[in-house]
Amino acid sequence: MRWRKTKQSTNIDDRRGQGPARSGVAVAGLLRFLPFLLKTKVGKLILVVGGIYLAYQYFTGGAGMMDVQPGSGAMQQQEGAQTGGLPASDEDAQFVAAILGTTETVWSKLLDGQYPEPQLVLYNNITQTGCGMGQAQSGPFYCPADSKVYLDLSFMDELKKLGAPGDFAFAYVIAHEVGHHVQNVLGTNKQVAQMQQQASETDANRLSVMLELQADCYAGVWGYYVHNDMQLLEPGDIEEGLKAASSVGDDRLQEMAGQAVQPDAFTHGTSEQRASWFRTGFESGNPKDCDTFKNLR
């Protein structure tokens, strides 16, 4: 992929190597028990020691990450100190910024300039989001609450382990998450969330599958313009994208985990479905052809 030929997005929030995020979680824990702690000498001592520890964490980024599950902890947004201006030697981050830049060009055009560009957060292991605590083990994700894409670059290695190497494979992942932002802009995320509240677990999962497949299709639409308008693709790139879409199908992931395939538990779609919808978007270039919900009407 000729990604070096295109402009880079400046909507990058680089939180890698920062310590304040974990300190924010610890602060929330201390505040929760503040009334009790102030009543005793021991409690006051804990506050003093805790304050010293948090100050150390803030200024040094000391080791030791809080083990916090998604959905818990403080909800304050932790903005990175570095937005744009990524080091020239950091090729992976440069790549992400370039791909995000292409999505901005494509969707601004398709949505007639009515496209609020999302921010992409680079982080290591764990970070605060508008949707709770985000963890790298969950893979790349989009948070509708703060309109941001969250990405730990270690997922590049995970894709290779899943049998989907190549730069366009990872570009597909970014384009897929941006596809969720497009859904948020268009109001699709909100509509689906409302339907899921009134649905059974099985039907809620089916709605989630349709949402994910549409994001795959939107990623394909992006690929259409990257190929035909920007001429950034090289031989083999399309195959990399299709292989990436197929590698993260629910059925394949369940099999790799040694589990029996359980269609009712699918939340993203089968390998065949994901690759098929990506191809639909890529061949069409028309977001209107990405109506994965048409069978509900």
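The values are calculated or read from the model by the stated rules, or taken from the named source; none is laboratory data. Quick caveat, the model's predicted, so the values are computed rather than measured. Cβ placement follows ideal geometry from the backbone for every residue including glycine, while neighbour counts extend to all protein chains displayed.
Looking only at residues in the range 102-119 that are assigned to a helix (DSSP H, G or I) and of a type outside the set (A, V, I, L, M, F, W, C), the one that is nearest to the chain's Cα centre (by Cα) is 103. If the condition is being more than 19 Å from residue 100 (Cβ to Cβ) and assigned to a helix (DSSP H, G or I), then the range 120-143 contributes 137, 138. Residues in the range 144-165 that are of a type in the set (Asp, Glu) and assigned to a loop (DSSP other than H, G, I, E, B) were compared, and the one that is modelled with the lowest pLDDT is 152.
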